[in-house]
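Structure first, then comments.
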């Protein structure tokens, strides 16, 4: 009887082991044959790790012949945007950017890593520039009789503090930083669009204004008007895939908490929760 119990336990362990091995293949079956990979870049960009990991996965997959960036983002924090853009520029596979509702500021920055940029006629894009914003609660503290005392190692250590006004010197120092990062943005666009636009022409367009997809095409900020399906076809041709391209696309799964309380992931909420008091962003700002 004991032997039967032992054998049964061993059998269950073996079955569980093989099920564990097979589940990933059942959920994400291996790609067979040439494919176009679609990478989604949605919402406010606050992190880069997951997107970069996906980029590397498709980079190392020999069946992925081209990549479509499906961008629906107003932009986001400077460093994550630059990290994603840099990893994309390292790829030796064709990249097509497909702009959805918006691909503005940092969204456009990332699109500039593509060989071909496409948008819908009414896509909101452009918003080329940098914004640094500070939250100030000095007035509130004064109303309730609170005061913060600061001991600092240098004149500008608390520049941008929410407890005091920016001085003229603070503004000058911070403006230098904004200008430097703005020039990095312009340089990235020029590197991508130098066959279509001079740097001076880009600077004229890069005053923070938004453009529709049609306007962006006329200003040579994008290459074609088209939707996601059009972009997949273009990517298939660039990847030398015969016939209608098959795609591989990782869908985002809701977390257990989101499923239990019935909400969807919202990057704006996530951005608010991690709000540091100062933001430094390549981001479209409407109605703030």
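Values as computed for the structure displayed
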item: Candidates 92, 115, filtered to the one that is within 28 Å of the chain's Cα centre (by Cα), closer than 24 Å to residue 236 by Cβ, exposed (fewer than 12 other Cβ atoms within 10 Å of the Cβ) and at pLDDT 95 or above; result: 92
item: Matching residues, segment 123-139, being crowded, with 21+ Cβ neighbours inside 10 Å and assigned to a loop (DSSP other than H, G, I, E, B); result: 123, 127, 128, 129, 130
item: Residue tally, condition surrounded by 23 or more Cβ atoms within 10 Å (Cβ to Cβ) and over 16 Å from residue 43 (Cβ atoms), over segment 64-77; result: 3
item: Selection within segment 59-78 - touching a helix residue (DSSP H, G or I) at 6+ places or on another chain (Cβ under 7 Å) and without any contact (Cβ under 8 Å) to a residue 60 or more places away in the chain; result: 69, 71, 73
item: Restricting segment 183-209 to residues that are closer than 13 Å to residue 282 by Cα and touching a strand residue (DSSP E or B) at 6+ places or on another chain (Cβ under 9 Å), the residue that is surrounded by the fewest Cβ atoms within 10 Å (Cβ to Cβ); result: 209
item: Residue that is surrounded by the most Cβ atoms within 10 Å (Cβ to Cβ) [pool: residues in segment 140-169 that are modelled with pLDDT of 90 or more and not in a loop (DSSP other than H, G, I, E, B)]; result: 169
item: Within segment 70-87, tally of residues that are touching a strand residue (DSSP E or B) at 6+ places or on another chain (Cβ under 6 Å) and not in a strand (DSSP E or B); result: 4
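The values are calculated or read from the model by the stated rules, or taken from the named source; none is laboratory data. Predicted model only: the values in this text are computed from it and were never measured. FYI the Cβ positions are ideal-geometry reconstructions off the backbone, even for glycines, and counts take in every protein chain you see.
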